[in-house]
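A quick write-up on the structure given underneath.
The values are calculated or read from the model by the stated rules, or taken from the named source; none is laboratory data. These figures come from a predicted structure and were not determined experimentally. No Cβ is skipped: glycine too gets one built from the backbone with ideal geometry, and neighbour counts run over all protein chains shown.
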Amino acid sequence: MNSLSAIRRGGSLVLAGALVFGLPVLLQPVLSPSWGAGPSLVAALLAANLLGGALGARLPQPRGWVAAGFLALVLFSPWTSWALGASSALPACALVFVVSVLTARWTVDLLCDPPGSRSLWYALEAAGGGLGVLCLLAWGFAHLELTALGRLAGTLALAGSLVSLRLDRRAPSGDLPGSVREWRLSRPTTEHWLAAWSGFQFFHAQVAWTHHFAQVHANSTLSFGMVSLSVLMGLPAGALLAGKIPNVRWLSLAALGGSLLLPLLQGWLADRFAIATGPDVFPWDLLLAALVALVPSSAAIGLLYPWLLERLDPPGALPALVVANLAGGFAGALVAGFASLPLLGLHASLCLPAAGWVVLAVGFGSGGRPRWMAGVAASCLAVAGGVLWRAPLAPRTDYAVLAREEGWSGRVELVERKGHTFLVYNGSYALGGTRSIASQSWQAGLAMALRPRAREVFVLGMGTGVTAGALTRSTELRHARVVELLPQVVDLARGHFAPWTGSLFADPRFSIEVGDARTALRDDPNRYDLVLGDLFLPWLPGAELLMGREHLVSVREHLRPGGLFVQWLPLYQMTEPVFNDILATAGSVFGEVHLFREDDSTRSPMIALVAGSPGTGLSDSGASPEVLRTWTGRVSRMDFLSGIEPWTHDNRILRGIESGGINPGQPSAALALAGPRYQTWVSNALETKALDVDPHLRAFGPDAWRPVAHGYLKMLEASSREAGDFRSADTLASRARAYETESVLAR
């Protein structure tokens with residue numbers, strides 16, 4: 001083969017690798033809205049990708065450049081937008097499958113009988129994949145919408161098709177290799193079983209690694225992309241080292257050593273895995289932690305497959321070996337997502353590949369030494385992994401861990417600090433505790449004050465259960481469905497927060513379920529008088545799904561006539577542009593959206609977004625005008641929201657970048673909507689138009705504007721006192737008394 005043909009083959013492999021390994025990361029946000037959070041999304045994504053790859057590898061036709069051309073047509077088609085908008089996951093899974101069939105057919109054609117070392121060409125493909133994923137994470141998602149990224153990928157596929165057109169090959173591409181025929185009819189050989197095992201443990205590990213890096217919603221594009229990038233950085237190193245290892249026994253021991261590194265490095269870098277704070281454009285420190293922890297391990301446990309490629313004989317047996325490897329990966333991804341993670345937990349799932357390498361090292365050992373080394377290594381793994389995993393994920397000297405439970409995405413710990421107990425998820429996310437009982441209760445209290453006769457209620461998220469427990473005081477309630485993502489949260493809340501949850505876990509009117517609340521509501525055939533959204537961190541991966549147009553439309557369709565949706569938002573954890581985007585999106589769905597403050601403080605403000613079914617007013621269902629004391633305006637009064645584009649499915653990733661939903665990082669105090677910035681925002685919302693003529697306030701009565709004015713002045717008073725301006729605070733308090741109603745809404 002001449003040098004020009006080699007360059008063309010290398011360039012085609014780089015483009016093919018970028019598509020083979022980059023498209024799953026690109027298509028992950030296409031699948032996640034319809035699939036929902038849980039341990040099975042990444043597993044299903046990889047399984048569909050690997051199953052399609054196995055089929056594509058077995059196909060004798062079309063030629064690789066033709067398959068790449070078809071791939072370009074698929075990516076240019078409206079299939080991506082259709083899959084984004086579908087409520088079912090089937091269109092997205094089918095898209096992943098078809099794309100992987102075509103990319104696998106292309107890459108097998110390129111790798112079949114190349115000149116020189118086959119593992120070297122495989123390393124080049126993996127390096128192209130790493131480059132593609134890095135470009136997606138660091139630039140693509142931040143600047144382009146999903147459809148634009150899909151068209152860019154289609155352009156790359158078309159370019160790869162042209163580059164690999166009429167590429168020289170020693171074997172005619174139209175001939176079906178004899179080894180494939182033989183493999184179909186005969187039993188798999190030892191090499192096939194080894195290739196299958198290599199794929200099984202590798203992709204099982206990748207699913208587990210992805211869940212380790214995700215913090216709350218384990219389906220984040222960020223965590224999946226970072227793990228994929230780290231894996232792809234390790235694969236070329238493993239491929240280049242594979243030719244220097246003489247036999248499977250020593251290869252197994254080398255892979256075992258790499259697996260042993262993982263729990264040790266994870267324990268050392270545990271704090272780095274926590275969500276970072278700050279307005280960084282991209283969390284490079286989190287990526288560095290992923291690379292340090294995963295590159296050595298992925299290089300080691302990825303040794304076996306290129307080792308087999310290098311020793312493949314005859315060369316025509318490549319498709320059969322690829323099929324075996326991808327089939328094993330298909331099984332490994334499914335076992336991780338649907339069995340080991342939900343049944344054994346994250347820690348045990350992370351250690352399973354290492355345990356498998358022990359078995360393989362012992363099985364191929366020819367004497368006592370390899371077995372002895374494998375036994376010692378396994379013992380070290382058990383001791384080191386157990387000690388490190390039992391330590392708090394984010395240790396603090398003033399934390400006392402009272403209880404902990406492990407699940408598919410990490411650990412939930414019950415922590416005591418200064419006499420208060422609270423739940424901490426993966427050492428970085430506080431799920432609530434006894435310090436904020438009044439606040440958590442009021443989140444349900446406001447909703448029930450607005451709809452005191454609500455009979456059917458849906459609660460999105462549970463946490464400590466205090467908010468849902470406050471609903472038990474309603475005598476009108478007939479049924480409440482509470483859905484919490486993490487089963488460990490439900491167990492710890494039931495066992496340790498019972499004094500503050502009322503009769504929540506014993507009341508027959510309440511059904512406590514484990515699952516993704518967003519998709520559970522979407523698939524629920526019932527309609528509700530009240531849908532109550534628990535607090536969430538708006539800068540976490542996946543948060544943009546909870547405020548996207550599709551979810552809000554689902555909520556609207558599940559409200560009965562006169563029903564209300566109440567979603568609490570922590571403004572001190574988001575910027576003003578993000579909050580305005582959320583309001584514009586909600587306004588485009590519901591038409592009329594009202595806002596209520598939690599209290600008068602401006603330091604850590606929380607706002608309830610309240611919207612109803614079409615034609616619903618706040619005064620419906622017997623709400624008292626006293627509830628208006630914390631009313632903070634409605635969207636249709638806010639002229640400064642005009643021209644803001646709603647969050648639709650097609651720009652979700654771009655909005656996720658801007659909100660931090662894909663680049664985690666809580667905004668700094670200088671950027672967050674709190675303090676003077678929050679006070680100015682509220683003033684703009686309330687003072688631009690007269691309150692006494694607002695039709696939504698007058699529906700409560702002609703003087704319903706008075707509690708609004710009273711509450712607003714009390715907020716200004718609190719702000720002045722927090723700033724140390726007591727003279728202005730006293731003046732505002734005097735003005736507020738002029739509007740004070742005879743009673744105050746009980747909290």
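The table below gives the values:
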| item | result |
| --- | --- |
| Flag if Ala16 is in contact with a Phe, Trp or Tyr (Cβ under 7 Å, 6 or more places away or on another chain), buried (at least 24 other Cβ atoms within 10 Å of the Cβ) and not charged (D, E, K, R) | yes |
| Residue tally, condition more than 26 Å from Leu492 (Cα to Cα), among the basic types (Lys, Arg) and surrounded by fewer than 24 Cβ atoms within 10 Å (Cβ to Cβ), over segment 446-476 | 2 |
| Residue match in segment 49-62 (condition: at pLDDT 85 or above, surrounded by fewer than 24 Cβ atoms within 10 Å (Cβ to Cβ) and farther than 19 Å from Leu334 by Cα) | yes |
| Failed condition for Ala506, given (1) more than 25 Å from Gly38 (Cα to Cα); (2) buried (at least 24 other Cβ atoms within 10 Å of the Cβ) | (2) |
| Verdict on Leu564 being surrounded by fewer than 23 Cβ atoms within 10 Å (Cβ to Cβ), in the same structural domain as Lys714 (by TED's automatic domain parsing), within 28 Å of Ala430 (Cα to Cα) and not charged (D, E, K, R) | no |
| Criterion violated by Gly502 - all others in (1) at positive phi; (2) part of a strand (DSSP E or B); (3) in contact with a Leu (Cβ under 9 Å, 6 or more places away or on another chain) satisfied | (2) |
| From the options Val42, Val74, Val30, residue that is in the same structural domain as Leu334 (by TED's automatic domain parsing) and under 17 Å from Ala333 (Cα atoms) | Val42 |
| Pick from segment 57-101, criterion in a helix (DSSP H, G or I) and of a type in the set (S, T, N, Q), ranking: nearest to Leu13 (Cα to Cα) | Ser100 |
| All positions within segment 57-69 that are farther than 13 Å from Trp106 by Cβ and basic (Lys, Arg) | Arg58 |
| Among residues of segment 91-123, those that are under 19 Å from Leu326 (Cβ atoms) and modelled with pLDDT of 85 or more, counted | 15 |
| Sole residue being out of contact with any Lys or Arg (no Cβ under 9 Å at 6 or more places or on another chain) and either over 16 Å from Thr107 (Cβ atoms) or outside any helix (DSSP H, G or I) (or both), chosen from Ala16, Ala37, Ala54, Ala43 | Ala43 |
| Unmet criterion (only one of (1) surrounded by 20 or more Cβ atoms within 10 Å (Cβ to Cβ); (2) more than 16 Å from Val566 (Cβ to Cβ); (3) modelled with pLDDT of 95 or more) for His479 | (1) |
| Residue that is surrounded by the most Cβ atoms within 10 Å (Cβ to Cβ) [pool: residues in segment 337-350 that are within 16 Å of Gly199 (Cα to Cα) and not polar (S, T, N, Q)] | Gly337 |
| Only listed residue being in contact (Cβ under 8 Å) with a residue 24 or more places away in the chain, assigned to a helix (DSSP H, G or I) and out of contact with any His (no Cβ under 7 Å at 6 or more places or on another chain), chosen from Glu513, Glu544 | Glu544 |
| Residue list for segment 714-743, restricted to those being within 41 Å of the chain's Cα centre (by Cα) and under 17 Å from Thr632 (Cα atoms) | Lys714, Met715, Leu716, Glu717, Ala718, Ser719 |
| Neighbours by Cβ (under 7 Å, 6+ apart or cross-chain): first from segment 678-698, in the same structural domain as Tyr572 (by TED's automatic domain parsing) and within 22 Å of Leu450 (Cβ to Cβ); second among the hydroxyl-bearing types (Ser, Thr, Tyr) and surrounded by 15 or more Cβ atoms within 10 Å (Cβ to Cβ) | Val682/Thr632; Ala685/Thr632; Leu686/Thr632; Leu686/Tyr712 |
| Those residues of segment 121-140 which are surrounded by 20 or more Cβ atoms within 10 Å (Cβ to Cβ), closer than 14 Å to Leu287 by Cβ and aromatic (Phe, Trp, Tyr), in sequence order | none |
| Any hit, segment 184-207, residues being under 30 Å from Phe536 (Cβ atoms), at pLDDT 85 or above, out of contact with any Cys (no Cβ under 8 Å at 6 or more places or on another chain) and of a type in the set (A, V, I, L, M) | yes |
